[in-house]
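Below is one structure, written out as structure tokens; the observations come after it.
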Amino acid sequence: MRETVTRITQNMVLGARQSKWVAEQIGKPYPTMMRELNPYDQSAKLGADTLLEIMRVTRDISALEFMAKELGYQLAPVESRKASGLGEE
């Protein structure tokens, strides 16, 4: 199956091994978040704001890197964020 932003984000959350903690940190009920991350559930969608919060909490920018690559771009951290450890992967 083709990679999607939703599937990548689902893997980010499940890979954090603390998916309930991630839901708590982003202010979403766990079942709601997991529905939004289910690529087969067409009734619930992952919003851009939720995606941003998930990336902040997990410190995983895989979904952002995927989007950039799909659009023909590359990401580079801003130097001040790199120095703080927030921009490094």
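The values are calculated or read from the model by the stated rules, or taken from the named source; none is laboratory data. Bear in mind that the values here come from a model prediction, so they are computed numbers and not experimental data. Note that each Cβ is placed from the backbone with ideal geometry, even for glycine, and that neighbours are counted across all protein chains shown. We work out accessible area using only protein heavy atoms, side chains counted, and drop any ligands, DNA or RNA first. Shrake-Rupley method; radii C 1.70, N 1.55, O 1.52, S 1.80 Å.
Any chance you could run the full-extension gain for Phe66 through Tyr30? It's 0.36 nm times the residue separation minus the Cα-Cα distance, nm to one decimal. Display every interim value, and only then the final one.
Details: separation 36, 0.36 × 36 = 12.96 nm, distance 2.47 nm.
The span from Phe66 to Tyr30 would gain 10.5 nm if fully extended.
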Residue-count net charge about Phe66 - beta-carbon cut-off 10 Å; Lys, Arg +1, Asp, Glu -1: -1
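For a Förster distance of 25 Å, can you work out the FRET efficiency between the beta-carbons of Ala48 and Lys20, rounded to the nearest 0.05? The partial results should precede the final answer.
On the way: r = 23 Å, r/R0 = 0.90.
Efficiency computed from Cβ-Cβ geometry: 0.65.
How large is the accessible surface per residue of the chain, computed with a 1.4 Å probe and reported in Å² as a whole number?
Numbers: 6250 Å² over 89 residues.
I get 70 Å² per residue for this part.
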For Kirkwood radius over Cα pairs in Å, one of [x] 15.8; [y] 13.1; [z] 13.7 was computed from the structure I shared and the rest are decoys. Which label? [z]
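Give me the dipole magnitude in Debye, nearest 20, for the chain about the Cα centre, with unit charges on the beta carbon: positive for Lys and Arg, negative for Asp and Glu. Working shown, then result.
Numbers: 12 positive and 12 negative charges, 37 e Å.
Here the size comes out at about 180 debye.
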